1. Report, in degrees rounded to the nearest 10, the 0 to 90 angle that the Cα long axis of helix A:6-25 makes with the longest principal axis of chain A.
2. Kindly identify region A:87-156 as rounded, prolate or oblate by the Cα gyration tensor criterion: order the square roots of the eigenvalues as a ≥ b ≥ c, call it rounded if a/c is under 1.5, otherwise compare a/b with b/c, prolate if a/b is larger, else oblate.
3. Using protein heavy atoms only (no ligands, DNA or RNA), what is the total accessible area buried between A and B, 1.4 Å probe, nearest 100 Å²?
4. Want the number for A:Ser174 to A:Arg102: 0.36 nm per residue separation, take away the alpha-carbon distance, what's left?
5. Determine ³J(HN,Hα), in whole Hz, for all residues of region A:249-259 in sequence, where each value follows from phi through the Karplus function 6.51 cos²θ - 1.76 cosθ + 1.60 and θ = phi - 60°; x replaces Gly and Pro.
6. Tell me, what is the percent relative contact order of region A:63-132, built from C-alpha pairs under 8 Å that lie six or more residues apart?
7. Select from A:Val152, A:Val58, A:Val223 the residue whose mean-square fluctuation is largest in a Gaussian network model of chain A (Cα-Cα springs shorter than 10 Å).
8. Quick one: check the C-alpha center-to-center distance for region A:113-127 versus region A:206-267, whole angstrom.
Amino acid sequence: MNRFSRRDVLRFGGVGAAGVLLAACGKQAGVEESKNVKAVGVMPEAEGLPNVEVTDIVLLRTAASLEYNAIDTYEAALGLGVFTGAFAAAGEIAKRLRDDHRGHADAINGLITTLGGKPFTCGNPRVNEIYISPALALITDADNENPALDVVVLAHALENLAAQTYQGVVTLLSDKALRKAAMGIGQDEARHAAVLAQALNPGVAGVLPSIDEATGKPRVAAVPAAFGPLTPIPVTVGPVNADGTRSSLILETPSLNSLAYDNVTCA
Amino acid sequence: MTLPSTVTPPTKADRELLAFANSAEFAARDLYAAAAALPAFSDDEKTMLVGFHDHHRAAGQALAGMVGSLATNVRSDEVYNAFRGRVMGSDKNAVLDALRDLENTLASTHLSLVGALEGSEGAALVASILNIQARQSAALGLLVGRSLDDVLVNAAEPLAPGAGS
């Protein structure tokens, strides 16, 4: 005959299970505690992100980084040796715009130094990673039929990006003198963009927005709107893919994940 | 993460500066209307001139919207008269060059305003107008055959705020 009733089995079983659970939750010898999660075993200490601040200096360092992106891109383009024949004039424009960007970078870094910040003397790493390197890889693809034209397309997009960036930081900069300095350069970038737009779509017909009737797509315009746009910039470059299309990139002005914070350095 | 302070509205002094810009933009609008009426220009050229006219009108209206009751919504005769004598006749390049000078003057004026406005909201609007007028100047410079240096460098003096408004 069984010595325990079914009720006894359930009662003692419940007490035993509770004991096991409490033992599991308790401290164990040799096990490091985590501040974040109570768990059995060794947990790495949680590492928080550095507390960064979007200051005038950070915004100017970001602007300087874009100037170096432009300088590097023009250098790379000139190094490709594609500015020959019909594109010889574009090569001269590229040299002039590169030199302008060098002057802009020096001017911006001078402001940063005056404000007590550290100058930024290389291209924005994220802009390089997600825009410029992929674009240059497409442009230099062996199957690309017109790398010279694509270089001008990319340069036009980068000048638009720079113009938009300077315009965009006006609302973020706290010092009105810095706003003026930024827009002094911003208007230069806008002029660069207009010159390259005319190289891509010359003459009076290329000044205002229009549609290419053959493709149904908008043509490049020197003056794209009544107000300076702050919109994403599409760039189509590289060889024709198997499906008859070409690769497109969408450029956007630097955001919180691509600003040149104080802790970002040139590797 | 610490973000910059939010957008700040125009102060009373800002609104007076923006009202000045409002009247300057309407002067430019009227100068482009005069240019577009000249028989020397082709249909394509007139389309561009009307487009620039519309841009200046839109800029003036946007500034008026920010200024409120201080906006005169009439052109600055001082600005208009300073350029009107060059916006006439049959020499297309001379007219386009005059309009390029106008764009450069307005761009310099707007740059000066960006450095004077306390509120970032007004500064942002003026910056967005400035970038377009720099482009318009560059486009006109290229059309009349100016050198790359002329196209890229703006040496125009800004208008004095308060003058002619």
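1. Approximately 50 degrees, to the nearest ten.
2. Details: a/c = 4.89, a/b = 1.76, b/c = 2.77.
Verdict is oblate for region A:87-156.
3. Heavy-atom accessible area buried at this interface is about 3800 Å².
4. 23.4 nm
5. Once θ is set to phi - 60°, the couplings for region A:249-259 become 10, 10, 8, 10, 5, x, 10, 4, 8, 9, 6 Hz.
6. Numbers: 63 pairs, mean separation 36.8, N = 70.
Value for region A:63-132: 53 percent.
7. Greatest mean-square fluctuation among the candidates belongs to A:Val223.
8. So the two Cα centres are separated by 24 Å.
The values are calculated or read from the model by the stated rules, or taken from the named source; none is laboratory data. Every value quoted in this text rests on a predicted model; they were computed, and no experiment measured them. Note that we place each Cβ from the backbone using ideal geometry, even for glycine, and neighbour counts take in every protein chain shown. With ligands, DNA and RNA removed, areas are computed over all heavy atoms of the protein, side chains included. Shrake-Rupley method; radii C 1.70, N 1.55, O 1.52, S 1.80 Å.
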